[in-house]
Amino acid sequence: MMMTDITTAFPAIEILRDEPLAHYTHTKTGGPADFLAFPTNIQETKSLLAYANEEQVPVTVIGNASNLIVRDGGIRGLVMILTKMNHITTTGNTVTAEAGAALIKTTQVAQAHALTGFEFAAGIPGSVGGAIFMNAGAYGGAISDIALSAEVLTPAGEVRTLTQDEFDFGYRHSSIQDYHDIVLTATFALKPGDGTAIQAKMDDLNAQRAAKQPLDLPSCGSVFKRPEGHYTGRLIQAAGLQGLKWGGAQVSTKHAGFIVNIDHATATDYLELIHHIQDVIWQTDQVKLETEVQIIGEEPAATK
């Protein structure tokens, strides 16, 4: 890997070497990135990808790192965090946001322009790019309901526009996952509404979220997908796992579908607890719990 001169090649871009990703993930866990870059615009992102392709090193893109676990071995090659690409604009009944824009901020811009349809995402702590990638959703709404188009960067470095029928949205799925594209911008189709009523709905959903979820502790959000015919939290509660501690990680006592970092947890603590929960629920209920949280990176050297 010949990337030691990347900081010289891109002096205007913030690039950190051997940077612990625990500083950025919402779980406060994760090993180091070989190189961690913070591009501020589309051209910088394209240039970084072209450089990595030329050097034949892998590229990983992270949004707001909210629904993510990075293994303790970290990530080799180049990691890009796009949160400095965060411009949001409105045109008529559409909102266009760069990939790193906070989803919460994007819903606030929609509300300020009296545009309705985005309220469901008012408390989702991810980025716009991550929301497209995951087809994020809550309280009966999903990104697939409002996504109109997205500008993406292909692994080969080509910029192209995806339209509604090309997203292939499913439950926590989009075609971005299949083709490993990088979301650059996304445009959402909304409807005219009443700003006061929109704000009231957002406030209500945020109050529900605060009442039910452990927002005061580091977590990766909802850990598991909802299995058909079941509620994950109820399964975990019924199995007697709520409150279970594993290293510094714990099944939340407020919502059993969350795992929180209560005492300097490692990513390994999280992953071992996840696997334990999956094993127990399979044994007790014959239900296969699939992770919603994205898990990336390498195992620590000691466990290889």
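The values are calculated or read from the model by the stated rules, or taken from the named source; none is laboratory data. Nothing here was measured: the structure is a model prediction, and the numbers come from that model. Every residue, glycine among them, receives a Cβ derived from its backbone with ideal geometry; neighbour counts consider all protein chains shown. All accessible areas refer to the heavy atoms of the entire protein, side chains included, with ligands and DNA or RNA removed. Shrake-Rupley method; radii C 1.70, N 1.55, O 1.52, S 1.80 Å.
I'd like to know if segment 185-195 contains one or more residues that are open to solvent by less than 20 Å² (accessible area, probe 1.4 Å), assigned to a helix (DSSP H, G or I), within 30 Å of H23 (Cα to Cα) and in contact (Cβ under 8 Å) with a residue 40 or more places away in the chain.
No - not one qualifying residue is present in segment 185-195.
Identify, please: which residue in segment 141-167 is without any contact (Cβ under 8 Å) to a residue 40 or more places away in the chain and of a type in the set (G, A, S) and is, among those, surrounded by the most Cβ atoms within 10 Å (Cβ to Cβ)?
Checked segment 141-167; the qualifying residue surrounded by the most Cβ atoms within 10 Å (Cβ to Cβ) is A150.
Being open to solvent by less than 10 Å² (accessible area, probe 1.4 Å), small (G, A, S) and either under 18 Å from the mean Cα position of the chain (by Cα) or modelled with pLDDT under 95 (or both) is true for just one of A99, A138. Which residue is that? First the steps, then the outcome.
Working: A138 fails: open to solvent by less than 10 Å² (accessible area, probe 1.4 Å).
None of the others qualify; the one that does is A99.
Quick check, is H230 surrounded by 17 or more Cβ atoms within 10 Å (Cβ to Cβ) and either in contact (Cβ under 8 Å) with a residue 40 or more places away in the chain or part of a helix (DSSP H, G or I) (or both)? Spell out how you get there, then give the answer.
Numbers: surrounded by 17 or more Cβ atoms within 10 Å (Cβ to Cβ): no; either in contact (Cβ under 8 Å) with a residue 40 or more places away in the chain or part of a helix (DSSP H, G or I) (or both): yes.
No, not satisfied.
Condition check: open to solvent by 20 Å² or more (accessible area, probe 1.4 Å) and either free of Cβ contacts under 8 Å to residues at least 60 places away in the same chain or not in a helix (DSSP H, G or I) (or both). Does Q199 satisfy that? Break it down into steps so the answer makes sense when it comes.
Details: open to solvent by 20 Å² or more (accessible area, probe 1.4 Å): yes; either free of Cβ contacts under 8 Å to residues at least 60 places away in the same chain or not in a helix (DSSP H, G or I) (or both): no.
Answer is no for this residue.
Of all residues in segment 238-261, which are within 21 Å of the chain's Cα centre (by Cα) and assigned to a loop (DSSP other than H, G, I, E, B)?
S252, H255, A256, G257, F258
Restricting to segment 67-76, count the residues that are touching a helix residue (DSSP H, G or I) at 6+ places or on another chain (Cβ under 7 Å) and either surrounded by fewer than 17 Cβ atoms within 10 Å (Cβ to Cβ) or not β-branched (V, I, T) (or both).
Residues in segment 67-76 being touching a helix residue (DSSP H, G or I) at 6+ places or on another chain (Cβ under 7 Å) and either surrounded by fewer than 17 Cβ atoms within 10 Å (Cβ to Cβ) or not β-branched (V, I, T) (or both): 5 in total.
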